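Reviewing the structure listed below.
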Amino acid sequence: MGSVGSPDPVMLICGILVSREDLLPEVEKRLITDFGAVRIASDPIPFRWTSYYDKEMGTGITRRLLVFRDLICPGDIARIKLRTNEMEADFASDPGAGVPRPVNLDPGYMDGSRIVLATTKDNSHRIYLAQGIYAELTLSYRKGAYRHYEWTYPDYRSEEYKGFFEKARLDFLRERAGLRERARERPGRQDD
C-alpha cells in the first residue's frame, strides 16, 4: 500500500485577458497583492487565436502571462480560482468598463512536467477539485518540449506561449535543485 505524502510545491501562473490594455497595471497590482511578487511576465500578446470572447469582452483583446515567485501547494488552486473570479466580478461591476467582462483571469500552476489550468466548466477531460472548480491538464513536458492535447486552448498551443513557459520551467527547475541542495546541506540531517 502506498503512503500518503505532501505534494511538491508548484509555481502559480495566471493568464490575464483584457479588452483594454490600460487595465493591465491595476489587474497585476491586485494579483500581486493577493499572490505575491511576479517571477516572470510575458509582454502583452494580442489575442488572435479565436473570437470566442469578443461578445463579452469586445475586440482587440490582449493576453499577458504571469508566473509568481512564491511556490504554492497544488491543492490551493481551487481557492485561488475562486479569488480570481471575485476579482473579475469587481472589474465587471465598474460602470465605466464598457463591456460585460473587461477582465478574464485564468489561474493555474506549473512544475517541471505540466501546466494545469483551473476552470469552472466541467468536461470529460477535467477533474473536479472543490467548490465548483475543476482542473485541466493543458500542457505536458515530454521528450524535451511542451506538448498540447486535443482540448488545449488554441493560444496555449502556440509556440509563443510554449516558449514563455519553457523559460519559466527552467527557472523552476533551477530553484527546485537549489532547494534540494540546501536541504542536503542542513546540519543534523540524517540520511535514509
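The values are calculated or read from the model by the stated rules, or taken from the named source; none is laboratory data. Quantities reported herein were computed from a predicted structural model and do not represent experimental measurements. All Cβ positions, glycine included, derive from the backbone under ideal geometry; neighbour counts span all protein chains shown.
Looking only at the stretch 87-99, decide whether some residue is of a type outside the set (S, T, N, Q) and within 30 Å of Pro7 (Cα to Cα). So that I can check it myself, show each step before the final result.
Of the residues in the stretch 87-99, the ones of a type outside the set (S, T, N, Q) are 87-92, 94-99.
From what is left, the residues that are within 30 Å of Pro7 (Cα to Cα) are 87-88.
Yes; the residues of the stretch 87-99 include at least one that is of a type outside the set (S, T, N, Q) and within 30 Å of Pro7 (Cα to Cα).
Keeping to the stretch 137-156, report how many residues are touching a residue at least 12 places away in the same chain (Cβ under 8 Å), more than 22 Å from Leu170 (Cα to Cα) and among the charged types (D, E, K, R).
Qualifying residue count for the region: 0.
Please pick out the residue among Leu23, Leu71 that is more than 17 Å from Phe164 (Cβ to Cβ) and in a strand (DSSP E or B).
Values: Leu23 fails: in a strand (DSSP E or B).
After applying the criteria, what remains is Leu71.
Could you please let me know if Arg79 is modelled with pLDDT of 95 or more, among the basic types (Lys, Arg) and farther than 18 Å from Tyr128 by Cβ?
Here the answer is no, as Arg79 does not meet what is asked.
Taking the residues in the stretch 80-112 that are under 18 Å from Leu24 (Cα atoms) and among the β-branched types (Val, Ile, Thr) as candidates, determine which candidate is surrounded by the fewest Cβ atoms within 10 Å (Cβ to Cβ).
Checked the stretch 80-112; the qualifying residue surrounded by the fewest Cβ atoms within 10 Å (Cβ to Cβ) is Val99.
Identify the residue in the stretch 130-143 that is more than 20 Å from Lys162 (Cα to Cα) and more than 16 Å from the chain's Cα centre (by Cα) and, among all such residues, is surrounded by the fewest Cβ atoms within 10 Å (Cβ to Cβ).
Our first condition is that a residue be more than 20 Å from Lys162 (Cα to Cα); within the stretch 130-143, this holds for 130-134.
Cutting the leftovers down to more than 16 Å from the chain's Cα centre (by Cα) gives us 130-132.
Values: Ala130: 12, Gln131: 10, Gly132: 14.
Only one residue fits best here, namely Gln131.
Out of the residues in the stretch 64-79 that are β-branched (Val, Ile, Thr) and crowded, with 22+ Cβ neighbours inside 10 Å, state the one that is farthest from the chain's Cα centre (by Cα). Before the answer, list the steps.
To start, the set of residues in the stretch 64-79 that are β-branched (Val, Ile, Thr) comprises 67, 72, 77.
Okay, now just the ones that are also crowded, with 22+ Cβ neighbours inside 10 Å, so 67, 77.
On the way: Val67: 7, Ile77: 9 Å.
Within the stretch 64-79, the match that is farthest from the chain's Cα centre (by Cα) is Ile77.
Would you please name the residue that is surrounded by the most Cβ atoms within 10 Å (Cβ to Cβ), looking only at residues in the stretch 113-129 that are more than 20 Å from Asp8 (Cα to Cα) and β-branched (Val, Ile, Thr)?
Thr119
Conditions: (1) closer than 25 Å to Gly75 by Cβ; (2) loosely packed, with under 12 Cβ neighbours inside 10 Å. Glu181 meets all but one. Number of the miss?
(1)
Kindly list the number of the only condition in (1) out of contact with any His (no Cβ under 9 Å at 6 or more places or on another chain); (2) part of a strand (DSSP E or B); (3) within 20 Å of Ile80 (Cα to Cα) that fails for Lys121.
(2)
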